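The values are calculated or read from the model by the stated rules, or taken from the named source; none is laboratory data. Note that the structure is predicted; figures quoted are calculated from it, not measured. Here the Cβ positions follow ideal geometry from the backbone for every residue, glycine too, while neighbour counts run over all protein chains shown.
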Amino acid sequence: MIETLGGPGTEVDDDLTPAGLLASIRSARAAEDAAAARQLDLAARWADLHPPESIHSAATFTNGRGIGMEVEEPIAGDGCPTVAEFCVAELGTVLGISTVSAKRLIGHALELRHRLPRLWAQVQSGRVPAWRARSVAEATIHATPSLTPEAAAWVDAQVAAVTGRIGPAQLDRLVAETIKRHELAADDPATDPEDGYLSVDPRHATLHDQDVHYAGTMHLEADLDIADALDVDRVLTHGAELRKALGSTESLDARRAQALGDLARTQTALDLHSQGQTATRCTQDGLPVAREVVLHAHFDARSVDDGQTVFTPTGRLEEGQRLVMLDQVRAWCGDSRTKVTVKPVIDLNALLEAPGYEIPDRIREQVLLRDRTCVFPWCSRPSRGCDVDHVIEYDHDADTEDRPQPGPTVTPNLGALCRFHHRLKTHTAWHYDVIGPGEFVWTSPHGHRYRRDPTGTTALDPPGIPRPPRP
């Protein structure tokens, strides 16, 4: 019997000896590495075909730690060519990845080819797997402070010699240490101290609110002054011990996490109370509401024989698109100083419409709940941060010229688009059609077609096959 191992064209006899099977696995991995190296090369060539002036401005990453703090960063380091922002989306959809992932692929390819040439040569010769080289490129692209071409070349020389001979964790440490050594060596006291690595302030406290675990947790990371960090650790240890003394059977880690939440809520409440400020929202103890977290949880409900409404035990949390348990929501709401707001139920199947171009809140909310994310192929940006777009463009002159409105403000003609893909649809040859409630078919400038619905993205017929005429 013959079976496939490693993809089409790689046939393996299932009667192989253990040694033969290992040889076949090694061969399949070599073919996979060669394909990944080829993909990097093709991504770089795609970038070469699309300089910014050919379509639009240069592609960038939007980075920041909060609203009002976002900055645009190039997709590759200083010395690499820039790339037209809108060309990235078509590459991503062909590969079945998001636009952000496609930016990362192109950025890594350009970083390796132009700033890390030794590593690039090793990837293309098969001596270093593409994924290892890409991890180095990711570090050099986003190093703080930014690496000059000379600094990147120095890192390349130090790292390329051993990249293929050490493990991933060792490689990550080596890259980080190499970047630091170069910056410290360049930190000449005779020069402006603000130019040195040691002048960079690494302190921050960042809540990753887009990464919500199914257990109802978020990841918080911080870099603090040593004294502050030790104080926080001492307070968390004390809070964990106090909870244990009061009968908690949770693990130490769980109790420390709870102590951090207690610290935030109690301190906020006590500060406001001690300052004699008038609380606009108070509980029975006279303290202001300390917990006011906005979460959008959705549960299916059904009516039983006695007329009561019964909710399913599991639902969906919009924040992070994750599973949430009904018991968790009950626990969050059970705190006496938690503000709870219940919004009216919205029928996602109802057809809502409005005169004019402006989209009322009730229609906007229905579209955001229906689509859940941006409806561009493979995009996963939550709909709460998206624009609501008229699929068929609204004609502002139709009423004055007594013509039928081709793009009315009605839910079937609306879709959630993140700002980037909204601009992409407006300024390029990308377009999409509605084929059902919350279901769209997108067509790329080169004729690739994709179906996007609440379950995800499906690639349709390849270019060259006629598509149905637009309604």
(message) When you check Pro462 against the structure, is it part of a loop (DSSP other than H, G, I, E, B), surrounded by fewer than 14 Cβ atoms within 10 Å (Cβ to Cβ) and either modelled with pLDDT under 95 or of a type outside the set (Lys, Arg) (or both), yes or no?
(response) yes
(message) Quick check on Val71: is it under 18 Å from Leu424 (Cβ atoms) and modelled with pLDDT under 95?
(response) no
(request) Tell me, yes or no, whether segment 345-368 has at least one residue that is surrounded by 18 or more Cβ atoms within 10 Å (Cβ to Cβ), touching a Gly at 6+ places or on another chain (Cβ under 9 Å) and in a loop (DSSP other than H, G, I, E, B). (result) no
(request) Evaluate the following for His108: is it out of contact with any Pro (no Cβ under 9 Å at 6 or more places or on another chain), crowded, with 16+ Cβ neighbours inside 10 Å and modelled with pLDDT of 90 or more? (result) yes
(request) Would you check which residues across segment 38-51 are touching a residue at least 40 places away in the same chain (Cβ under 8 Å) and surrounded by 20 or more Cβ atoms within 10 Å (Cβ to Cβ) and list them? (result) Leu40, Ala43, Ala44, Ala47
(message) List the residue pairs whose Cβ atoms are under 9 Å apart, where the first residue sits in segment 157-182 and is over 24 Å from Pro145 (Cβ atoms), the second is among the hydrophobic types (A, V, I, L, M, F, W, C) and modelled with pLDDT of 80 or more, and the two are 6 or more positions apart or on different chains.
(response) Val162/Leu171; Val162/Leu174; Gly164/Val128; Ile166/Leu174; Pro168/Trp131; Gln170/Val162
(message) Out of everything in segment 143-157 that is out of contact with any Leu (no Cβ under 8 Å at 6 or more places or on another chain) and of a type outside the set (A, V, I, L, M, F, W, C), what residue ends up being surrounded by the fewest Cβ atoms within 10 Å (Cβ to Cβ)?
(response) Thr144
(request) Considering each residue of segment 430-449, count those that are touching a strand residue (DSSP E or B) at 6+ places or on another chain (Cβ under 8 Å), closer than 22 Å to Pro355 by Cα and part of a loop (DSSP other than H, G, I, E, B), and give that number. (result) 1
(message) Being crowded, with 20+ Cβ neighbours inside 10 Å and either among the charged types (D, E, K, R) or not assigned by TED's automatic domain parsing to the domain that holds His182 (or both) narrows it down to one residue among Arg127, Arg113, Arg118; which is it?
(response) Arg113
(message) I want to confirm something. Restricting to segment 379-388 and keeping residues that are of a type outside the set (A, V, I, L, M, F, W, C) and assigned to a loop (DSSP other than H, G, I, E, B), which single residue is surrounded by the most Cβ atoms within 10 Å (Cβ to Cβ)?
(response) Arg381
(request) Give the number of residues within segment 3-53 that are part of a loop (DSSP other than H, G, I, E, B) and either at pLDDT below 90 or not assigned by TED's automatic domain parsing to the domain that holds Arg134 (or both). (result) 11
(message) Can you say whether Asp371 is surrounded by fewer than 16 Cβ atoms within 10 Å (Cβ to Cβ) and not β-branched (Val, Ile, Thr), as far as the supplied structure shows?
(response) no
(request) Could you grab me the full set of residues in segment 368-390 that are at pLDDT 95 or above and of a type in the set (A, V, I, L, M)? (result) Val375, Val388
(request) For residues that are closer than 22 Å to Lys103 by Cα, assigned to a helix (DSSP H, G or I) and polar (S, T, N, Q), tally how many sit in segment 130-158. (result) 2
(message) For segment 389-429, which positions are in a strand (DSSP E or B) and surrounded by fewer than 18 Cβ atoms within 10 Å (Cβ to Cβ)?
(response) His390, Val410
(request) Might you let me know whether segment 110-119 holds any residue that is within 30 Å of Cys374 (Cα to Cα) and of a type outside the set (Asp, Glu)? (result) yes
